[in-house]
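Input: a single structure, listed below in structure tokens.
The values are calculated or read from the model by the stated rules, or taken from the named source; none is laboratory data. A quick note: this is a predicted structure, and the numbers were derived from the prediction, not measured. We place every Cβ from the backbone using ideal geometry, glycine too, and count neighbours over all the protein chains shown.
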């Protein structure tokens, strides 16, 4: 004999309803959990977008900082270049001042105190051997008096001495000369190394060849 339990239909419907309710709750939980996961992904995407914006802003600020640094470096280089140029100009001015002082000293040595000469004159002559066979000379020519016109003429420098015990004179050669009030002349004269230079003579002539002034320096 087989004994079977027999459930009433209302109880069966209640069990079925309970099973359906549990399934529905489980489905609802899975749906909410999926929504939460999707929300996390969305937050992650939003965070990634924000980070990208910040990186772009940092790159922009970095480029600006590099641009400012490059500009400052360029300005610093320009300032250094300007300083170097000023130093060179200062050295040039100092050299010019030294040259002017030398000229003033030269003029003071050549100009006699209280000179009252009028017309063209040779106010001084200096000469020295700079090396064997070469002589450096300096001379100052002046026109004194008011209303003097420009001088046009020639000057000639002659060396005299001895060569192997015999008298020797340089061939010289006249050179054109033009000036208004004064003229400073300097240069080098070559001569045989064996020559013993004894005198240096300067002669100034006008355009017609008339001698206006001479000066002899003994070595």
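Side notes on the structure shown:
- Among the residues of region 157-172, the ones that are in contact with a strand residue (DSSP E or B) (Cβ under 8 Å, 6 or more places away or on another chain) and closer than 16 Å to residue 190 by Cβ come to 10 in all.
- From the options 154, 136, residue that is closer than 16 Å to residue 212 by Cα, surrounded by 11 or more Cβ atoms within 10 Å (Cβ to Cβ) and at pLDDT 90 or above: 154
- Cβ-Cβ contacts under 6 Å between residues 6 or more apart (or on different chains), taken from a first residue in region 201-215 that is more than 22 Å from residue 126 (Cβ to Cβ) to a second residue that is surrounded by 16 or more Cβ atoms within 10 Å (Cβ to Cβ), are listed as 206/153; 206/212; 207/153.
- Residue within region 177-184 that is free of Cβ contacts under 8 Å to residues at least 40 places away in the same chain, more than 27 Å from residue 99 (Cβ to Cβ) and under 46 Å from the mean Cα position of the chain (by Cα) present: no
- When residues in region 165-203 are screened for being surrounded by 13 or more Cβ atoms within 10 Å (Cβ to Cβ) and within 19 Å of residue 153 (Cα to Cα), 11 of them pass.
- Given (1) at pLDDT 85 or above; (2) not in a strand (DSSP E or B), number of the condition residue 130 does not satisfy: (2)
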